[in-house]
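A.B. asks: Here it is, the structure in full.
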Amino acid sequence: MTSSIDSNSAAARIAVVVPCYRVAAQVLNVLAAIPPMVSRIYCVDDACPEKSGDHISAHCQDPRVTVLRHVRNGGVGAAMLSGYRAALADGMAIIVKLDGDGQMNPALIPRFVRLLLAGEADYCKGNRFHRPASLVGMPPARLFGNAVLSFLTKLSSGYWQTFDPNNGYTAIHASALRLLPLDAIDRGYFFESDMLCRLNIARAVVRDIPMDAVYGDEQSSLRIHRVITQFAVKHVRNAARRVLYNYYLRDFNLASIEAPLGLAALLFGVLFGGVHWLQAFHGAPYASAGTVMVAALPIIVGVQMLLSAINYDVQNVPSVPLQKLFADEFDAASGALPAQPQERDHQRP
């Protein structure tokens, strides 16, 4: 399988983007371990106080490496967007995100790009929860925080089959990346979750890639307990945006009716029942059986309608890769090698 990937890598033009912020001690080892199937490496110095960009320029002799520098720190999302734009401008077909702190094994890059090369996915992301044994080194607080954020991301992104949304080990096909509003994507730690929501709106196929969690002497800047509230607000916003676009602007189906009616019925039942419960609590006569039914029935019906709408959403996960749907546009926009072998010679960049 590895040899087939190597044989196709020239046509695929694989790039790696490495956000560099406080990773001077680890980044050189990471760069040295990136396999030869990768043709370009973009290291983004996000105004790193350790001057990671200068450190890489001075000590890394790999001709594939290009250092990009930010005047001001913009966050991991901002660093990735700079790398994405550079890779698209250079005609890269697959762009891998690889952190520079050593937590992501560069030897797994073939695993991440395999489905993209086969035309079976548009975006692949790591999942450290696939095997229970791989979670042995994960701190309990981070384990719980990731589980909560994973559930919120399922609701907001619509990718119910994915997990571990904050895993930064990802690979994306350029045809999907070109369809995303890069200027609107979150610049901070919400970047990976925001990417998933934007990808669902674009109807991209996303797949999880099993990987192990690795913890060394690096220090993560992300504190999950500090960002859960902030992330929750952003997830609600993304969920509303996705539902509005997918179920009312692009399409209209049974779930488009069940969701608002179910929510309205549930809220009515809860409010109506709550008012009468408070009245009884303050000495009013107990509610009649009819009053109880007026409160209970909308709640039951509302919950059933919402569950039905969610079930439809679970079944509505994108299944046709964008790189197949937009193959002709991708060839023209990026200079990718065309599908017809007889046309390759005069179109080769």
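A short reminder: the numbers here are calculations on the coordinates, not readings from a lab. Keep in mind that this is a model prediction, so the values were computed, not measured. FYI the Cβ positions are ideal-geometry reconstructions off the backbone, even for glycines, and counts take in every protein chain you see.
A.B. asks: Quick check on the exposure proxy: order THR66, THR170 from fewest to most C-beta atoms within 10 angstrom.
C.D. replies: Exposure proxy ranking, most exposed first: THR66, THR170.
A.B. asks: Further question: Tilt of helix 76-89 relative to the longest C-alpha principal axis of the chain, in degrees (0 to 90, nearest 10)?
C.D. replies: Its long axis makes an angle of about 50 degrees.
A.B. asks: Calculate the length of the line joining the C-alpha centroid of the range 229-292 to that of the range 157-215, in whole Å.
C.D. replies: So the separation of the two Cα centres works out to 29 Å.
A.B. asks: Further, regarding this structure: Only bridges whose two residues both fall in the chain count here: according to DSSP, what percent of them are antiparallel, nearest 5?
C.D. replies: Details: 7 of 28 bridges.
Of the beta bridges lying entirely in the chain, close to 25 percent run antiparallel.
A.B. asks: With point charges of +1 on the Cβ of Lys and Arg and -1 on the Cβ of Asp and Glu, referenced to the Cα centre of the chain, which listed residue (ALA202, VAL301, ILE185) lies farthest in the positive direction of the dipole?
C.D. replies: VAL301
A.B. asks: Please work out the C-alpha center-to-center distance from the range 13-59 to the range 80-107 and express it in whole Å.
C.D. replies: Cα centroid of the range 13-59 versus Cα centroid of the range 80-107: 10 Å apart.
A.B. asks: In debye to the nearest 20, how big a dipole does the chain give about its Cα centre with +1 on each Lys and Arg Cβ and -1 on each Asp and Glu Cβ?
C.D. replies: About 380 debye.
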